[in-house]
Amino acid sequence: MPVSPAELAIEEETTMVAFKKILFPTDFSTNADKALAHAIRLADFDKGEVIVQHVVGNFFDKYPHWTTLFDLHELQKELDGYVDTHMKDTLPKDAGNVRVRTVISKGKPAEEIAALAEQELVDLVVMGSAKGAVTNKVIRMTNRPVLAVSAAQPKTADVGLRKLTKILVATDFSAHSKRIVEYAFDLKRIFDASIYMLYVIETSHALKWAIRQGHFTHGMEKMREWAGNQLVNLTPDEFINDPGVIRLVETGSPGDTIADVARETGTDLTILGTHGYGAVHEHLIGTTTDRLLTKTSTPILTVKL
């Protein structure tokens, strides 16, 4: 049944997802080019704007004698040339409505990226992260969603331009976890994708050993049953019986398990919430983001709760 204008207006007011303004920080690396493809694809969906940012570090503060050879004007020309060259290859033929703006910032990369994200009130920060160090810092410092594109992503011509078909969302059932699930289901509505809802029961080595010995079997069954019911409760009413919604309860280390499930299910996007509580936060902010970026080819979208 077609959606009425009134219903559409309500949906637009309540939806959490928007791609009208996207920040794309670049270091001119090959992996940044992969992230650019995602930024253009998403901005094209909303006929939005991509802000291409390059951060100049404090190298010249330590070695001021080199400033006579380089200046911000030359760097701005280089950035403009980068945009012109790469946009021609990246922009879809029908993506003429995507606007592009360039910004040169001076300072520490993570701080400048986070500051510009907040200043511009961007809907999304898209980063190509070969190692994840700067990405982790940006996730900590900004309240904006961050899409981190793995260096392990396949080098195919349509990277970033394909339609999302499978989305994985991990939740820890914290007080604000409903927001990240709602964000994921907004994307499901937009792309008509299947969605995998995942909860990881974190187990220590001692607990794993005890379970293998036959101890706590009933307790683990009860934990799985409880977690499954919680996933059902988090599912929007309209999708309760949707066969495209798959609920998973796994055991293990959250970071490794999320990466394994993303690989096994072949998801196009993994969504995680970041906040000050729960196992997902503890494992995400630190080495796990780096591990996910290197272990899987799935882009990771983090949303601050």
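Every read-out reported here was derived from the displayed coordinates using simple, explicitly stated rules and does not represent laboratory data. Worth saying up front: this structure is predicted, and the values here are computed from it rather than measured. Cβ sites come from the backbone with ideal geometry, for glycine too, and all protein chains shown count toward neighbours.
Assorted remarks:
- Filter on K108/K178; K20/K304; K137/K222; K188/K304 - keep pairs with C-alpha separation over 28 Å: K108/K178; K137/K222
- Amide H partners (placed H, <5 Å) of V100, local residues excluded: V50
- Neighbourhood charge, 13 Å Cβ-Cβ cut-off, centred on E49 and excluding it, Lys, Arg +1 and Asp, Glu -1: +1
- Neighbourhood net charge (15 Å Cβ-Cβ; Lys/Arg +1, Asp/Glu -1) for V181: 0
- K20/K222 FRET efficiency (R0 35 Å; Cβ-Cβ; nearest 0.05): 0.15
- Electrostatic tally near G128: other residues with Cβ closer than 10 Å to its Cβ, Lys and Arg +1, Asp and Glu -1, net -1.
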